[in-house]
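So the structure is just underneath, and the comments pick up after that.
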C-alpha cells in the first residue's frame with residue numbers, strides 16, 4: 001500500500017517541498033531551524049507523583065511511629081556489644097571472602113583442567129555445596145565431633161597423629177570454614193565463567209608469545225576475567241555478610257546475633273536493636289558498593305575508550321556544564 | 001610517560017582489592033565461650049549483671065572431697081567443668097541470658113552450674129550455644145553438663161541422665177492493654193491464640209487443654225516461635241493473644257516493659273505440679289557418663305547447706321524450689337516431647 | 001641459502017574432516033613466502049601448525065633443524081612438554097588476523113610482556129620495545145590501550161609485539177582481513193619493510209598485489225594439499241593448475 005493519494009481538501013505544499021498533509025500557512029523550512037520538541041509522558045508523571053506520596057507517607061511514619069524508638073537506636077548504635085558483633089561480622093566475612101576467592105580460583109582451575117579426576121571432583125564439590133543450605137553446613141560442622149571424634153593424618157593402617165575434633169577448631173575457625181565451604185562453590189563458578197568469557201584469541205596470543213603457563217593465567221587471562229568476576233564476586237561478598245548472621249549456629253555472636261541476644265535481655269528494645277543491625281548492614285553494603293565501583297573502574301581500563309566518571313567527577317562536570325550553558329538554551 | 005602512572009593505578013587497584021578482602025583481619029575474635037576467672041577461694045558470686053532480675057549475692061561454698069572423688073577421671077583430669085547453655089541467639093532471662101554489661105553470660109542456670117563446679121573443686125567454663133547444639137555438645141563430650149532450663153522427659157532419657165534441681169511455675173503473659181484473665185480455668189482459653197515453647201512442660205499442659213476444649217467443640221490455637229524475641233514481637237503486634245511459658249521469664253519481661261511502648265502483664269499463674277505429673281528442670285549429662293550422681297550429690301549438698309536457698313533468693317525463684325535433687329526422676333511421657 | 005622451515009607430511013583432521021593431507025613444504029631462510037588458498041583450504045591450519053598452536057596428527061615441522069613441539073621417542077614422534085613448546089615458540093613470531101592484543105595492558109606493556117616473561121630486564125625490554133614501536137610508526141602511542149587505537153594501528157602493535165622476541169621466523173595469519181580497506185596499506189607497508197630485513201616471513205593473505213610485489217615464493221593450497229608453488233610470476237601470472245586459475249580469477253575479479 002505505497003500509493004500516495006492526494007486529497008483535494010489539502011493544499012499542495014506551498015514552498016515546493018516533498019512533504020504533504022501540512023496545515024495551511026506553515027513554512028516547513030522555518031520549522032526546521034527550531035529545536036524538535038520531545039514527546040511528553042503524562043502517565044510517567046502521575047506514577048512518579050504517586051510513588052513520591054507513598055514514600056513521603058512511609059518517611060513520615062519513621063518519625064511519628066513510636067515503635068521505631070530512634071532515641072534507643074542511637075543509644076545502641078555505637079554500644080561496645082554491637083561494635084563487637086560488627087567486628088566479628090567483618091572479620092568472618094573478610095577471612096571467608098579471601099579464602100573463598102583463592103579457593104574459588106583453585107576449584108575453578110581444577111574444573112577447567114584436563115585432568116578428569118580433578119575436574120570431576122571439583123564438579124562434585126560445587127554440586128554438593130551449592131545444593132546444601134549454609135545453615136546445614138554450619139550445623140554439621142559444629143557437630144563434627146559427633147561424626148568424627150578425632151581428626152588425624154597418617155599412613156592408612158599405619159601410625160596416625162590424631163587430635164580430638166572439638167578442641168582443634170575454635171568457633172571462629174569453624175564459622176569461617178562453614179562460610180567458605182559454600183562460598184568457594186559459588187566463587188569457583190564465577191571464576192570459571194570469567195575465565196571462559198576471555199576471548200580464545202587471548203589464550204592463543206599468550207601461547208604464541210611463549211609466555212610461561214602460570215604467567216599466562218595470572219597476567220593475561222585472570223586480569224581480563226576479573227572484569228566479569230569482580231561484580232559477581234562483590235555480590236557474593238554482600239551475600240556473605242548477610243550469611244554471617246547464621247554464625248550463632250557455631251556459637252559466634254555476629255552483628256545480628258548480638259542484636260538478638262541483647263533483645264532478650266532488654267525485651268523493650270528488640271525493635272530498636274533490629275533497626276541498629278539493619279542500619280549497620282546498610283552501611284556495610286554501601287561501603288562495599290563504593291569500593292566495587294572503583295575496582296570495576298580499574299579493571300575496565302583498556303576495555304572501554306573512556307572510563308566511567310567517579311561521582312565526584314560527575315558532580316564537577318554537571319556544575320561546570322550548568323555554569324557554561326547560556327540561560328536561554330536550557331530547556332527542561 | 002604514562003607507564004609509571006599506569007603502574008601506580010594498578011597498585012592502587014590491587015590495594016583496594018586487598019583492602020576490601022582483608023578489612024578487619026586484625027580484629028580480635030569473639031566467641032560465646034567464657035572462662036570464668038577462678039572464684040575467690042570458697043566464694044561464688046551469683047546474680048551478677050542481672051538487669052534487675054536478681055540480687056548480686058556472694059555465696060560461700062567449698063570443695064567437698066567425698067563428692068569430688070566420685071567424678072569420672074577425665075573430668076577430674078581436665079580440672080574444668082564445662083557448663084552448657086542453650087541461649088543463642090536469644091537468651092531467656094532470668095534463667096540464662098547476657099547480663100546488663102552486655103557481655104557476661106548470667107542467669108540462674110549458669111550460676112547453679114558455677115556453684116556445682118565449686119563443690120567439685122573444678123573451674124567452671126560456661127559455653128553458650130543454640131538449643132540444638134547444646135545437646136550435641138553434650139553428645140560429643142564438648143560439654144560436661146547442661147544447666148539450661150531443660151525439662152526432664154522420658155524421650156530425652158534415651159540419651160541423657162538427669163539430676164533435677166528446680167520446679168516449673170508457668171504463667172500467661174498478655175499485653176497490659178488486654179484485660180483477659182486465666183482465672184485458673186482452661187475454659188477461658190477458648191478462641192485464643194497462645195504461643196509456647198515446643199518440647200516443654202508448658203506445651204504438654206497447653207495441648208491437654210486444647211484437646212479438652214476441642215472435645216467441647218471449642219478452639220485453642222497453639223503456636224510456636226524460634227525464640228523469646230519472636231514471641232515478644234508477635235505479642236506486641238497482636239499476632240498472638242498470650243504466651244504460656246515459665247513464670248520467671250515472664251515476670252522479668254513484664255518488669256522490663258513497664259515503661260516501654262508495649263507494656264505486658266501476667267494474666268495468671270499455673271503450677272507445673274498441677275493435675276498431672278510435674279516436669280522437673282534438671283541438669284543434663286550424657287547417658288552413663290557417671291556425672292549424674294555427682295551432680296545430684298552436689299545439688300543436695302547445696303540444698304542441705306543453705307547455698308541452694310541463697311541461690312533461689314538471689315534470683316527470686318523461691319516458688320520453684322525442690323526438696324531434693326533426684327537422679328533420673330520420672331519425666332514427661334514419651335509421646336509429648 | 002639455508003632452509004629455515006621444513007614441513008613434512010603435515011596431516012591433521014578434526015573428527016571426520018581432514019584439513020591437511022600430508023603437506024610437504026620447505027622455506028628458505030630470509031625469504032618471504034605467501035600462502036594463498038580458498039577459505040577452508042587448510043592454509044591457516046598449516047600456519048598454526050608451524051608454531052604448534054595446532055598439533056599435527058602425523059608429520060613434523062622443523063625450524064633450523066629442530067623439531068617443533070615434538071621429539072623423537074623410540075620409533076615415534078612424541079609431544080613435548082608444554083613448557084618446552086613455549087620456549088620454542090619464542091623463536092617464531094605470530095601475527096593474528098584479529099590482532100589479539102592484550103586489552104588490559106598498554107601498548108608498551110603488550111610489546112614488553114613476552115620478553116619480560118622470558119627473563120629480559122624490564123628496562124632493556126622497554127627500551128627495545130620503544131625502538132620497535134618507532135619502527136612501526138607508533139612511538140607516541142606507548143601509553144595508550146589497544147582499544148584506543150584503530151585496527152591498522154593495533155595490527156602494527158601486534159607486529160612490534162611479535163618482533164620483540166627477535167624471532168627468526170614470523171608467521172602472518174591473514175593480517176589485513178579484519179581491517180577496513182583504507183587501513184590495509186599501512187600494515188602491508190610495515191610487513192614490506194620487514195621483508196628486506198633478512199627475517200623469514202610466511203604470510204597467509206588474500207592480497208594478490210602484495211604477494212606479487214613482495215613474495216619470493218607463492219604457495220597455493222586447496223583441500224589440504226599444496227596444489228601449486230613457485231615464484232609470483234609463475235603462480236600468479238601463469239598458473240598451471242585449474243584450481244589456482246579459478247581462485248585467482250575470483251579474487252582478481
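The values are calculated or read from the model by the stated rules, or taken from the named source; none is laboratory data. On a predicted model such as this, the values are computed, not experimentally measured, just so you know. Virtual Cβ from ideal backbone geometry, glycine too; neighbours counted across all protein chains shown.
Kindly check whether there is at least one residue in region C:45-55 that is closer than 24 Å to residue C:206 by Cα and free of Cβ contacts under 8 Å to residues at least 40 places away in the same chain.
yes
Give me the pairs: first residue in region A:26-55 and without any contact (Cβ under 8 Å) to a residue 12 or more places away in the chain, second residue surrounded by 10 or more Cβ atoms within 10 Å (Cβ to Cβ), beta-carbon distance under 9 Å, and six or more apart or on different chains, which are they?
Going by the 9 Å Cβ cut-off, the qualifying pairs are A:26/A:14.
Tell me, which helices (runs of 4 or more DSSP H) lie completely within region A:165-210 with 1 or more residues that are within 14 Å of chain C (Cβ to nearest Cβ) and at pLDDT below 95?
Details: elements: A:165-168, A:171-197, A:200-208.
It comes to A:171-197, A:200-208.
Any chance region B:272-292 includes a residue that's surrounded by 17 or more Cβ atoms within 10 Å (Cβ to Cβ), within 14 Å of chain A (Cβ to nearest Cβ) and either more than 28 Å from residue B:84 (Cβ to Cβ) or touching a strand residue (DSSP E or B) at 6+ places or on another chain (Cβ under 9 Å) (or both)?
So far as region B:272-292 goes, yes, one or more of its residues are surrounded by 17 or more Cβ atoms within 10 Å (Cβ to Cβ), within 14 Å of chain A (Cβ to nearest Cβ) and either more than 28 Å from residue B:84 (Cβ to Cβ) or touching a strand residue (DSSP E or B) at 6+ places or on another chain (Cβ under 9 Å) (or both).
Could you please find all residues in region A:242-255 being more than 7 Å from every other protein chain (Cβ to nearest Cβ) and crowded, with 24+ Cβ neighbours inside 10 Å?
Correct list: A:244, A:247, A:250, A:254, A:255.
Answer yes if at least one residue in region A:93-112 is farther than 30 Å from residue A:244 by Cβ and either modelled with pLDDT of 95 or more or within 14 Å of chain B (Cβ to nearest Cβ) (or both), and no otherwise.
No, region A:93-112 has no match at all.
Looking only at region B:185-195, decide whether some residue is buried (at least 20 other Cβ atoms within 10 Å of the Cβ), within 30 Å of residue B:140 (Cα to Cα) and in contact with a strand residue (DSSP E or B) (Cβ under 7 Å, 6 or more places away or on another chain). Spell out the reasoning first.
Initial filter on region B:185-195 (buried (at least 20 other Cβ atoms within 10 Å of the Cβ)): B:189, B:194-195.
Okay, now just the ones that are also within 30 Å of residue B:140 (Cα to Cα), so none.
Among the residues of region B:185-195, not one is buried (at least 20 other Cβ atoms within 10 Å of the Cβ), within 30 Å of residue B:140 (Cα to Cα) and in contact with a strand residue (DSSP E or B) (Cβ under 7 Å, 6 or more places away or on another chain), which makes the answer no.
Scan B:6, B:16 and give me the residue that is outside any loop (DSSP other than H, G, I, E, B), at pLDDT below 85, surrounded by 14 or more Cβ atoms within 10 Å (Cβ to Cβ) and away from chain C (no Cβ under 14 Å).
That would be B:16, the only listed residue that is outside any loop (DSSP other than H, G, I, E, B), at pLDDT below 85, surrounded by 14 or more Cβ atoms within 10 Å (Cβ to Cβ) and away from chain C (no Cβ under 14 Å).
Report, ordered by the first and then the second residue, all pairs with beta carbons closer than 6 Å, sequence separation of six or more or different chains, a first member in region C:129-151 that is within 8 Å of another protein chain (Cβ to nearest Cβ) and at pLDDT below 95, and a second member that is surrounded by fewer than 18 Cβ atoms within 10 Å (Cβ to Cβ) and in a helix (DSSP H, G or I).
Note: pairs meeting the criteria are C:143/B:2.
Just checking, does region C:40-53 include any residue being part of a strand (DSSP E or B) and either away from chain A (no Cβ under 13 Å) or on the phi < 0 side of the Ramachandran plot (or both)?
No, every residue in region C:40-53 fails to be part of a strand (DSSP E or B) and either away from chain A (no Cβ under 13 Å) or on the phi < 0 side of the Ramachandran plot (or both).
Inside region A:14-80, counting only helices (runs of 4 or more DSSP H) that do not spill past its ends, which hold 3 or more residues that are more than 24 Å from residue A:269 (Cα to Cα)?
A:28-31, A:42-64
Failed condition for residue B:105, given (1) buried (at least 19 other Cβ atoms within 10 Å of the Cβ); (2) touching a helix residue (DSSP H, G or I) at 6+ places or on another chain (Cβ under 8 Å); (3) at pLDDT 55 or above, with all others met?
Among (1) buried (at least 19 other Cβ atoms within 10 Å of the Cβ); (2) touching a helix residue (DSSP H, G or I) at 6+ places or on another chain (Cβ under 8 Å); (3) at pLDDT 55 or above, the lone unmet condition for residue B:105 is (2).
Name the residue that is nearest to the chain's Cα centre (by Cα), counting only residues in region C:171-182 that are buried (at least 22 other Cβ atoms within 10 Å of the Cβ) and away from every other protein chain (no Cβ under 11 Å).
Out of the qualifying residues, it is C:172.
Pick out the one residue from C:36, C:47 that is under 16 Å from the mean Cα position of the chain (by Cα), buried (at least 23 other Cβ atoms within 10 Å of the Cβ) and within 30 Å of residue C:184 (Cβ to Cβ). Spell out how you get there, then give the answer.
On the way: C:47 fails: buried (at least 23 other Cβ atoms within 10 Å of the Cβ).
C:36 is the lone residue from the list that is under 16 Å from the mean Cα position of the chain (by Cα), buried (at least 23 other Cβ atoms within 10 Å of the Cβ) and within 30 Å of residue C:184 (Cβ to Cβ).
Only one residue in C:26, C:11 is surrounded by fewer than 21 Cβ atoms within 10 Å (Cβ to Cβ) and closer than 24 Å to residue C:159 by Cα. Which one?
Answer to the check: C:26.
Would you check if there is a residue in region A:59-72 being under 13 Å from residue A:276 (Cα atoms), facing chain B (nearest Cβ under 10 Å) and at pLDDT 90 or above?
Of region A:59-72, the ones under 13 Å from residue A:276 (Cα atoms) are A:68-72.
Now restrict to residues that are facing chain B (nearest Cβ under 10 Å): A:68-69, A:72.
Still in the running and at pLDDT 90 or above: none.
The answer is no; no qualifying residue exists.
Find the residue count for region B:98-130, including only residues that are in contact (Cβ under 8 Å) with a residue 12 or more places away in the chain, within 11 Å of another protein chain (Cβ to nearest Cβ) and under 25 Å from residue A:139 (Cβ atoms).
Residues in region B:98-130 being in contact (Cβ under 8 Å) with a residue 12 or more places away in the chain, within 11 Å of another protein chain (Cβ to nearest Cβ) and under 25 Å from residue A:139 (Cβ atoms): 6 in total.
Being within 8 Å of chain A (Cβ to nearest Cβ) and not in a loop (DSSP other than H, G, I, E, B) is true for just one of C:83, C:78. Which residue is that?
C:83
Does region B:136-144 contain any residue that is crowded, with 24+ Cβ neighbours inside 10 Å, within 12 Å of chain A (Cβ to nearest Cβ) and either within 12 Å of the chain's Cα centre (by Cα) or part of a helix (DSSP H, G or I) (or both)?
yes
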